[in-house]
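Chemist: Mind having a look at this structure? Questions to follow.
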Amino acid sequence: MLNITEQDKLLAELRSLIDTSKIRLARTLNQEMTILYWHIGKTIQTEILKFEKPEYGEQTINKIGAILRSEYGKGFGPRVLRRTISFYNCYSDFEIVSTASTKLTWSHFVELIPIKDKLKRDFYVEMCRLDSWSVRTLREKIGKMLYERTAISQQPEEVIKDSLSLVKSEDKLIPTLLLQDPYVIDFLNIPQNYNESELETAILDQIGTFLLELGVGFCFVARQKRITVGNEDFYMDLLLFNRYLKRMVVVELKTTHFKPAHKGQMELYLNWLDKHERRPDEDSPLGIILCTETDQEIIKLFDLVSNNIHVAQYLTVLPPRDIFIQKIQNIISKTKETYPLRLETKNTESKQILCD
């Protein structure tokens with residue numbers, strides 16, 4: 001007869017086995033459902049629609065969907081069948097679906113199907129896969145136009161393809177896949193006239209959400225990290241580390257527009273970290289300066305890219321969608337004017353920073 005302690009230990013072990021098995025079963029079920037929908041979409045597309053006029057194909061889908069719904073439930077009705085066709089048309093390569101379905105559920109793909117731009121869709125697939133986004137998170141990222149805000153979206157098509165190919169094959173990220181402008185931190189509960197200390201505290205209170213907004217792979221290291229240069233102490237607002245970039249990341253928070261002095265301050269921090277704390281297997285530290293406003297006329301006079309410094313605006317309130325879209329378009333337009341040849345530069349160091 002087991003005593004109470006032994007019984008509790010046995011129960012804990014059995015619960016762990018059951019819970020682990022239930023998680024594996026759920027994952028297997030999700031993967032099988034996704035693959036099933038892909039095959040259904042392929043079958044309808046290749047065996048029915050190609051032989052009939054569009055209006056007859058629609059009638060056929062309605063008819064067989066009604067029959068399948070009565071036999072197998074609403075998950076196989078006409079609306080879902082149309083979605084499976086779109087799914088197949090988006091992902092005609094079964095290997096892509098098979099691999100992605102180990103991390104993404106059918107509900108994830110439902111959010112991705114409406115995206116017409118293949119590169120944009122692939123971006124969300126890879127980021128979602130790497131960071132295990134929930135469906136809700138994926139929906140929010142799409143709604144807040146993460147891809148358009150990320151620097152990679154402003155690069156030539158071939159560069160985007162090559163960058164995403166590295167992610168798929170090696171889980172290797174480059175900074176342009178993560179760096180954004182603007183950053184949306186509308187989840188902070190801060191007063192209207194906040195100072196830098198209040199902004200920093202609010203971010204620390206929501207550090208998990210803040211790291212998720214920055215992008216995949218970010219980990220918190222320190223707040224107000226002190227460094228000593230000569231006889232003077234300096235303090236970094238936030239020190240992070242990115243597992244995929246394999247580099248330290250300094251985030252400086254400003255409640256003003258970007259000023260030239262901010263560049264010198266960040267260079268001091270990055271040079272100190274590079275000299276005193278960077279490990280042999282790490283890349284050079286990266287700096288992110290978050291400001292209330294950015295002026296491309298000022299920024300373009302500095303060689304920020306080759307100094308591993310990224311300047312971006314942050315928004316504590318998400319504006320109405322039409323205004324937000326216009327804002328993103330304006331930033332993209334001004335950035336292209338500032339760095340029209342950012343990946344074609346003859347400066348090999350600048351190219352290395354962007355592409356490594």
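The values are calculated or read from the model by the stated rules, or taken from the named source; none is laboratory data. The model shown is predicted, which means the values in this text are computed figures rather than measured ones. Neighbour counts are summed over all protein chains in view; Cβ atoms, including those assigned to glycine, are modelled from backbone coordinates with ideal geometry.
Chemist: For segment 293-328, enumerate the residues that are surrounded by 15 or more Cβ atoms within 10 Å (Cβ to Cβ) and of a type in the set (S, T, N, Q).
Modeler: Selection gives Thr294, Gln296, Ser306, Asn307, Asn308, Gln313, Thr316.
Chemist: Here's a follow-up. Against the definition (at pLDDT below 85 and either in a helix (DSSP H, G or I) or under 21 Å from Phe109 (Cα atoms) (or both)), how does Ala12 come out, yes or no?
Modeler: No, not satisfied.
Chemist: In addition: Any chance segment 144-165 includes a residue that's without any contact (Cβ under 8 Å) to a residue 40 or more places away in the chain, in contact with a Cys (Cβ under 9 Å, 6 or more places away or on another chain) and more than 22 Å from Asn308 (Cβ to Cβ)?
Modeler: Looking for residues that are without any contact (Cβ under 8 Å) to a residue 40 or more places away in the chain, in contact with a Cys (Cβ under 9 Å, 6 or more places away or on another chain) and more than 22 Å from Asn308 (Cβ to Cβ), one finds none in segment 144-165, hence no.
Chemist: Next question, about the same structure. Among the candidates Asp186, Asp131, single out the residue that is in contact with a Lys or Arg (Cβ under 9 Å, 6 or more places away or on another chain) and touching a residue at least 60 places away in the same chain (Cβ under 8 Å). Can you show your working first?
Modeler: On the way: Asp131 fails: in contact with a Lys or Arg (Cβ under 9 Å, 6 or more places away or on another chain).
Going through Asp186, Asp131 in turn, the sole match is Asp186.
Chemist: While we're looking at this one, here's another question. Being under 18 Å from Ala312 (Cα atoms) and either basic (Lys, Arg) or without any contact (Cβ under 8 Å) to a residue 60 or more places away in the chain (or both): is that true of Leu138 here? Walk me through how you get there before you give the answer.
Modeler: Details: under 18 Å from Ala312 (Cα atoms): no; either basic (Lys, Arg) or without any contact (Cβ under 8 Å) to a residue 60 or more places away in the chain (or both): yes.
Considered against the rule, which asks whether it is under 18 Å from Ala312 (Cα atoms) and either basic (Lys, Arg) or without any contact (Cβ under 8 Å) to a residue 60 or more places away in the chain (or both), Leu138 comes out as no.
Chemist: How do the pairs read when you match residues in segment 12-34 that are within 19 Å of Tyr72 (Cα to Cα) with residues anywhere that are among the hydroxyl-bearing types (Ser, Thr, Tyr), using Cβ under 8 Å and keeping only pairs 6 or more apart or on different chains?
Modeler: Asn30/Ser101; Asn30/Thr105; Gln31/Ser101; Gln31/Thr102; Met33/Thr105; Thr34/Ser101; Thr34/Thr105
Chemist: Please list, ordered by residue number, the helices (runs of 4 or more DSSP H) wholly in segment 132-248 having 2 or more residues that are in the same structural domain as Gln265 (by TED's automatic domain parsing) and at pLDDT below 95.
Modeler: Details: elements: 135-143, 146-149, 157-170, 196-205, 207-214.
Hits in segment 132-248: 196-205, 207-214.
Chemist: What number of residues within segment 221-248 satisfy the criterion of being touching a residue at least 60 places away in the same chain (Cβ under 8 Å) and in contact with a Cys (Cβ under 8 Å, 6 or more places away or on another chain)?
Modeler: Residues in segment 221-248 being touching a residue at least 60 places away in the same chain (Cβ under 8 Å) and in contact with a Cys (Cβ under 8 Å, 6 or more places away or on another chain): 1 in total.
Chemist: Ok, one more. Filter segment 93-142 for residues that are among the aliphatic types (A, V, I, L, M), crowded, with 20+ Cβ neighbours inside 10 Å and within 15 Å of the chain's Cα centre (by Cα) and give the result.
Modeler: Initial filter on segment 93-142 (among the aliphatic types (A, V, I, L, M)): 96-97, 100, 104, 110, 112-113, 115, 119, 125, 127, 130, 135, 138, 142.
Still in the list and also crowded, with 20+ Cβ neighbours inside 10 Å: 97, 100, 104, 112, 125, 127, 138.
Answer for segment 93-142, where residues must be among the aliphatic types (A, V, I, L, M), crowded, with 20+ Cβ neighbours inside 10 Å and within 15 Å of the chain's Cα centre (by Cα): Leu104, Leu112, Val125, Met127, Leu138.
Chemist: With touching a His at 6+ places or on another chain (Cβ under 9 Å) and surrounded by 11 or more Cβ atoms within 10 Å (Cβ to Cβ) as the only criterion, which of Thr43, Thr34, Thr28 stands out?
Modeler: Numbers: Thr43 fails: touching a His at 6+ places or on another chain (Cβ under 9 Å); Thr28 fails: touching a His at 6+ places or on another chain (Cβ under 9 Å).
That would be Thr34, the only listed residue that is touching a His at 6+ places or on another chain (Cβ under 9 Å) and surrounded by 11 or more Cβ atoms within 10 Å (Cβ to Cβ).
Chemist: Starting from residues that are free of Cβ contacts under 8 Å to residues at least 40 places away in the same chain and not in a strand (DSSP E or B), keep the ones in segment 249-268 and report whichever is nearest to Ile185 (Cα to Cα).
Modeler: Going through segment 249-268, the residues free of Cβ contacts under 8 Å to residues at least 40 places away in the same chain turn out to be 249-252, 256-257, 259, 261, 264-265, 268.
If we keep only those that are not in a strand (DSSP E or B) as well, we get 256, 259, 261, 264-265, 268.
Values: Thr256: 16, Lys259: 21, Ala261: 24, Gly264: 25, Gln265: 23, Leu268: 26 Å.
This residue is Thr256.
Residue-by-condition table, conditions (1) assigned to a loop (DSSP other than H, G, I, E, B); (2) among the β-branched types (Val, Ile, Thr); (3) at pLDDT 95 or above:
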| residue | (1), (2), (3) |
| --- | --- |
| Leu273 | no, no, yes |
| Ile288 | no, yes, yes |
| Glu297 | no, no, no |
| Phe302 | yes, no, no |
| Ala312 | no, no, no |
| Pro319 | yes, no, no |
| Ile323 | no, yes, no |
